[in-house]
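K.L.:
Below: one structure in structure tokens.
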Amino acid sequence: MIIDGYAPSQMIEDLRKYQAELEIQNKALRYSQQEAEGASERFATLFSNVPLALMVVDEEGLVLASNAMALRLFQPLESDAPLNFLLPFVDAEHADEVAVAFSSAKQEGTSEVNEVAFLAGSRGSFTGDLHIARIENPLDELAHFICAVIDQGPLLTQRHALQESAAVLRQRNEDLLLSENRMAAIINSSLDAILCIDEKQCITVFNPAATALFECPADQAFGAQLGHFLPDVELALSAGNVPAQAMLGEFTATTLLGKQIYVEISVSLERRLRTRAPLRLPDTDPADRRGEQSAHGAVTTIFARDLTAKKMAEAQRTALETQLRESQKMQAMGTMAGGIAHDFNNILSAILGNVDLAKQDTPADSPSLTSLYEIDKAGRRARDLVRQILTFSRNEPPKRTPIQLAEVVQETARLVKVALPPAVELRMEVPEQCDSVLADATQVEQALLNLCTNALLAIGQNKGSVTIELSSTDINLPFSDRFGLAPGRYVTLRVRDTGGGMSQETMQRIFEPFFTTRQVGQGTGLGLSVVHGIMQTHQGAIDVQSTLGQGSVFTLYFPATSQLPVAAAEPEVVQEVRGRGRHVMYVDDDQALVFLVARVLTRKGFAVTTFTDPHEAQAALQAQPEAFDLLVTDYNMPGYSGVDLLRHAKAIRPDLPVALASGYVTPEIEQRALQEGANALIYKPNDVNELCETVQRLISQNDAPH
């Protein structure tokens, strides 16, 4: 049967196929339902057990679902308020921020807010990050969101601890930087040179004081070896026996220019167990690095103190000590000379006086007269020697007057020519006009004569020349300091010879008394000492330049003066001495001299009473004060001074002329004698005629009407 052109059998077959398809679809639907139910169960399990606070919240803030973690955070106790709406559990300070986050999540799908303060019921509050994600909700017009709250409490504690640690670290870094800046300021401002070296003794620190001391810029010193400047210190440090803190003492250092200086070194050694690895090239041999690691990053700080000023002060002190010893030696020699002069002058006076009397008593044709003249000549040389000793020993200023040294030079040249050997030529370079000087002509002549005599002895029997030069010059600093002279105008008197010269050792001793390189009988060693003493008393200086085999040059410096020379006074006419019976008392502790004076004055017509004991002389004068016309007494007598006898004599008879005689007369002695009333000072030894003339002059002055 066919129904509407569709066979029943075909219909049944189609129905069966359709039923089979329905069964297949039902089966798939049941499987999908089972899978959906499983996914829902898995989501519910995950939602409930995930270790995050999860909530499903609509856009009104209604909490549709929340897991156990959310309940523990927001409702830790059953008595706490239920978690129905999220916003009441947000702190008021963050409510607006959370509302804005929900609005943003609705528009963009996701949003988050960090460190939100939430209320947690009885627990108080906690801080967490809120993450919001919109979920599809086709059955409701309100938007639904899944919210995750992550508790940041433990992380915040760690974060705060890290922040505090970072703050402490920053403070320590600032303190370290401040300390480094302070240390750098100390190093840079230190007056001592400070150097730091690494384990290879390469310089890493070089302060400004080191730059000045070693005359080396810092950029050239960095990386240089310590031995370039302090080789001995480098050797001491390399030996390895230097303690961590040590004063090494004085060392010789070398500047960049090679100049030798003296420094005082102290060191400070620091051994660092952990050091930052130095920057190296990739192909550095590991074997080389092993040696450096064993040094543990040793850093050595070297303090170098400049001893230049100290050494100069020590040298100056040594020079001053040497000068002091020389001064003490000179003073001792002066004291000895003063003591010798008293006795020796008495002996010379007796010798010369008796020789003069013997010449008067000897006929002109007598052979012995020649011997007497030789004795007289030897005695006068001895007298000149004593005068040289006294000139050397006396420190009193000479009686200086304005003079022209040209006249002194011409006079001395005449004396030198007498003793000039045939092979030696005397040359003169004396200008017509030269500055005047304040000087004692006799002492200048003596100094020049001594220099010329030494020049002749230096030439000896060889052929040569002696040149005397006179000139004027200006002396300024620092040349004036070399001789201890004030800057100004000076007259120079120079004696140049072509003799054998002197060594440096000899030049250092030529001004010592009695030092001589001559053979016995050729010199006493007092010539240059006398010259030195004369220049000191004239406020001048002496300079010596000499080379072995090339001769010597002695230069005398006299301060120039604007004063004009004074014309010499006409000498008084010496009248013949006639005592005419005038009575002279002569007192001296030397018996020979007393005997001589008595003979001399008696021959001249004087009545003489002599005493060797001043006490007896005082008693005789006390007994007969008017019996004597003149008193002549020695200044130095054992246990009794001539000034004491002078004082007593003036007390007994104030108008009695008194003369003091001595071979050692200083300005102090002369001033004291004149203050006590002495009428004259007689220097011993002197000629007998000079003694007689002084005696007659004093008596004549006393006889003159007042």
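K.L.:
Search segment 421-434 for residues being outside any strand (DSSP E or B) and touching a helix residue (DSSP H, G or I) at 6+ places or on another chain (Cβ under 9 Å), and hand back the single one that is nearest to THR537 (Cα to Cα).
P.N.:
Only one residue fits best here, namely CYS434.
K.L.:
Looking at the structure I just gave you, is GLY61 open to solvent by less than 30 Å² (accessible area, probe 1.4 Å), in contact (Cβ under 8 Å) with a residue 12 or more places away in the chain and at positive phi?
P.N.:
Taking the combined requirement at face value, the residue satisfies it.
K.L.:
Output the residues belonging to segment 384-404 that are at pLDDT below 80 and open to solvent by 30 Å² or more (accessible area, probe 1.4 Å).
P.N.:
ASP384, LEU385, ARG387, GLN388, ILE389, ARG394, ASN395, GLU396, PRO397, LYS399, ARG400
K.L.:
Tell me, please, whether a residue that is closer than 18 Å to VAL63 by Cβ, modelled with pLDDT of 90 or more and crowded, with 16+ Cβ neighbours inside 10 Å can be found in segment 121-129.
P.N.:
Looking for residues that are closer than 18 Å to VAL63 by Cβ, modelled with pLDDT of 90 or more and crowded, with 16+ Cβ neighbours inside 10 Å, one finds none in segment 121-129, hence no.
K.L.:
So which residues in segment 539-565 are exposed (fewer than 13 other Cβ atoms within 10 Å of the Cβ) and in contact with a strand residue (DSSP E or B) (Cβ under 7 Å, 6 or more places away or on another chain)?
P.N.:
GLN563, LEU564
K.L.:
Write out, first by first residue and then by second, each pair whose Cβ atoms fall under 9 Å of each other, whose residues are 6+ apart or on separate chains, and whose first residue, in segment 196-219, is open to solvent by less than 30 Å² (accessible area, probe 1.4 Å) while the second is in a loop (DSSP other than H, G, I, E, B) and among the aromatic types (Phe, Trp, Tyr).
P.N.:
Between residues of segment 196-219 that are open to solvent by less than 30 Å² (accessible area, probe 1.4 Å) and residues that are in a loop (DSSP other than H, G, I, E, B) and among the aromatic types (Phe, Trp, Tyr), the close pairs are CYS202/PHE222; ILE203/PHE222; ILE203/PHE229; PHE206/PHE222; ALA210/PHE229; LEU213/PHE229; PHE214/PHE229; CYS216/PHE229.
K.L.:
Something else: Anything in segment 220-229 that is under 21 Å from LEU307 (Cα atoms) and either among the charged types (D, E, K, R) or open to solvent by 50 Å² or more (accessible area, probe 1.4 Å) (or both)? List them, or say none.
P.N.:
Selection gives HIS228 alone.
K.L.:
Give all pairs with beta carbons closer than 8 Å in which a residue from segment 95-121 that is farther than 21 Å from ILE135 by Cα meets a residue that is open to solvent by 70 Å² or more (accessible area, probe 1.4 Å) and hydrophobic (A, V, I, L, M, F, W, C); count only pairs at least 6 apart in sequence or on separate chains.
P.N.:
Within 8 Å, the pairs are ALA95/LEU87; GLY121/LEU77.
The values are calculated or read from the model by the stated rules, or taken from the named source; none is laboratory data. Keep in mind the model is a prediction, meaning the values are calculated, not measured. When we count neighbours, we look across all protein chains shown, and the Cβ atoms used for this are built from the backbone with ideal geometry, even at glycine. Just the protein is used for accessible areas: all its heavy atoms, side chains included, with ligands, DNA and RNA removed. Shrake-Rupley method; radii C 1.70, N 1.55, O 1.52, S 1.80 Å.
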